[in-house]
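Written below as structure tokens is the structure these notes are about.
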Amino acid sequence: MAKEQIQVLNALDVAKTQWYHFTAIVIAGMGFFTDAYDLFCISLVTKLLGRIYYHVEGAGKPGTLPPNVSAAVNGVAFCGTLLGQLFFGWLGDKLGRKKVYGMTLMTMIICSVCSGLSFGHTPKSVMATLCFFRFWLGFGIGGDYPLSATIMSEYSNKKTRGAFIAAVFAMQGFGILAGGVFAIIISSLFNTWFEAPSYAVDPVRSTVRQADYMWRIIVMVGAIPAAMTFYSRSKMPETARYTALVAKNTAQAAADMSKVLQVEIEADQQKDEPEKTKSYGLFSKEFFRRHGIHLLGTSSTWFLLDIAFYSQNLFQKDIFSAIGWIPAPQTMNAIEEVYKIARAQTLIALCSTVPGYWFTVALIDRIGRFKIQLMGFFFMTVFMFSLAIPYEHWTHKENRIGFVVMYSLTFFFANFGPNATTFVVPAEIFPARFRSTCHGISSASGKLGAMVGAFGFLYLAQNQDKSKADAGYPAGIGVKNSLILLGVVNILGFLCTFMVPEASGKSLEEMSGENEEEEGNREDV
């Protein structure tokens, strides 16, 4: 027989939606707003960095980052994020969610500012400094994934838990949008203040000296929303589930949640005897029996999703160039190029990325996580193949709008699909003492996939004719074949989804089996 649920946890499960739920969404969500801004803003300025630091005298095209530098600048934050997800996920289970939450935010604030202050007398030293701080920026961002998801899941009621966790993640869409909008504004202002001819007219004067300030401003602004929520994070109480189930202090959990819920909750009499209670450890045989297939499911689906999702984001500016949304670089000055790239990415975010996230928020507790994830992978596959197979058709001028519509739909179903659900589910299906760690492992698998996309597709998407590939890159398989390959990745994600259980409408203890586990432990004693 399952153990009767602790009173304070039952109070959280059946609580009506209250103001503290929205406060928690905003506090946790602003971290994700900053995460998305910081991770994606670099793709807005990589072309500018190439013009500033790698200009070649007499070249017919503006300077570009060498392949190894471009891969490092675009991907180093993902390396830091992966390690941060593993480290802070583990630390969140050891020290508590609250203690670790402020550490991640402070790391993000400091490194975001320092990224914009990257110094050096040579291009190599500037890029090395930028990569150093972006690595540690990613490390802080990584901690935000398992902690924000776990905190929101442990604060939520079981009826709308999926929507609350998804709403935190949906702030990522606003972060991507904000990055594009701010880049549009700042590039418009700089273009007005510091007029410059196109590269074709005057290669040297096309990149004004002040452009070096512009990319730094864009990178540093991400620290502002994070700094605004630091005080609020420090005042959040520890989650009741950590306090009651991991720290074994039901009295403190009841006191904390009485203040949050503004109702009187009586503390349960302590029935457990921790020193006599046997419980299995992480990665033990019992853990793999109970949760091994689930961890494999959450990790593999996130890995496969992020290969497709992040590779699209990182080379979409090149796709826009191919279909004519972004003119040839020699026809623009450096600041105009930033404006055109930001405008294209903002339109995609506004039309597909942001709506996709909020469709998930609205429907996840009605349709369920499993169905949304299957649907998302299915339609991502359909639209990816629809773009890839008749790729030459889409490159004709009269078909460009259709290409953008199809590309936007791919992003829409990524966000109204696995990009959101892979974040939600790992925060619901594992025991409290492993929840943050397992979410960290799942999200780190995702970032490993992002690294495959960030590093691999910079090379794979190059033209098959080496003479038409970007300077310094070997011949690749082309955009068409890259899209076909991503379609296959999405099919694998669809299949791996069948290893992930449905958590809709169930308490965290039901999903993780903690009630049954503790009852069994007492019977053994």
Which of the peptides 175-186, 210-221 is most tightly packed, and how do the rest follow, judged by the mean count of other Cβ atoms within 10 Å per residue?
175-186, 210-221
Portion, in percent, of the accessible area of the chain that falls on carbon or sulfur, probe 1.4 Å:
65 percent
Cα→Cβ-extended label distance, 7 Å offset, between Val488 and Thr23, nm
5.2 nm
Could you give each residue of region 405-412 its phi-based ³J(HN,Hα) in whole Hz, using Karplus coefficients 6.51, -1.76, 1.60 with θ = phi - 60°, and x for Gly or Pro?
4, 5, 5, 5, 5, 4, 5, 4
The chain - mean residue ellipticity at 222 nm from DSSP helices (-39,500 (n - 2.57) per run, n ≥ 4, rounded to 500):
-22500 deg cm²/dmol
Give me the log10 of I(q) over I(0) for region 137-184 at q = 0.33 Å⁻¹, as the Debye formula computes it from C-alpha points; what are the numbers?
-1.10
Burial-style ranking of 246-257, 150-161, average other-beta-carbon count within 10 Å with highest first, yields 150-161, 246-257
Using only the Cα atoms of the chain, construct the convex hull and provide its projected area averaged over every direction, in square nanometres to one decimal.
23.9 nm²
Just to check I understand the Karplus step: with θ = phi - 60° and J = 6.51 cos²θ - 1.76 cosθ + 1.60, what whole-Hz values come out for region 287-301, glycine and proline as x?
4, 5, 5, 7, 10, x, 5, 5, 5, 4, x, 5, 6, 5, 5
What relative contact order, as a whole-number percentage, does the chain give when Cα pairs under 8 Å and 6 or more residues apart are counted?
25 percent
Rg [Å, one decimal], Dmax [Å, integer] - region 11-59, C-alpha atoms
21.4, 71
Using a 1.4 Å probe and counting only protein heavy atoms, arrange Glu57, Glu392 so the residue with the most accessible area comes first.
Glu57, Glu392
With axes computed from alpha carbons, what is the tilt in degrees of helix 369-388 against the longest principal axis of the chain, rounded to the nearest 10 within 0 to 90?
10 degrees
Which of the pairs Lys94/Lys158; Lys94/Lys285; Lys16/Lys371; Lys94/Lys259; Lys340/Lys466 have their Cα atoms more than 23 Å apart in this structure?
Lys94/Lys158; Lys16/Lys371; Lys94/Lys259; Lys340/Lys466
Per residue, accessible area of region 331-398 with a 1.4 Å probe, heavy atoms of protein chains only, in Å², comes to 42 Å²
Could you give me the ³J(HN,Hα) list for region 193-200, computed from phi with Karplus coefficients 6.51, -1.76, 1.60 and θ = phi - 60°, whole Hz, x at Gly and Pro?
6, 10, 5, 8, x, 6, 4, 4
Column: log10 I(q)/I(0), Debye, Cα scatterers of region 167-219, q = 0.31 Å⁻¹
-1.14
For the pair Thr331/Cys351, report the inter-label distance in nm, with labels modelled 7 Å from Cα in the Cβ direction.
1.9 nm
A student asked for the Cα radius of gyration and Dmax of region 315-455 in angstrom ought to give 17.9, 57
Once the Cβ-Cβ distance between Glu398 and Val56 is put in as r, and R0 is 30 Å, what FRET efficiency do you end up with, to the nearest 0.05?
0.25
With Cα coordinates, the longest principal axis of the chain makes an angle with the long axis of helix 478-496, in degrees rounded to 10, of 10 degrees
Starting from the Cα-Cα distance between Val204 and Met106, subtract it from 0.36 nm times their residue separation and give me the gain in nm to one decimal.
31.3 nm
For the pair Tyr213 and Met228, how long in nm is the line joining their label points, each one 7 Å along Cα→Cβ?
2.4 nm
Taking Cα atoms, the helix 19-40 axis meets the longest principal axis of the chain at an angle in degrees (rounded to 10) of 30 degrees
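The values are calculated or read from the model by the stated rules, or taken from the named source; none is laboratory data. Please read all numbers here as calculations on a predicted model, not as lab measurements. Methodologically, a virtual Cβ is constructed for each residue, glycine included, from the backbone with ideal geometry; neighbour enumeration extends over all protein chains shown. The area values use the complete protein model at the heavy-atom level, side chains included, leaving out ligands, DNA and RNA. Shrake-Rupley method; radii C 1.70, N 1.55, O 1.52, S 1.80 Å.
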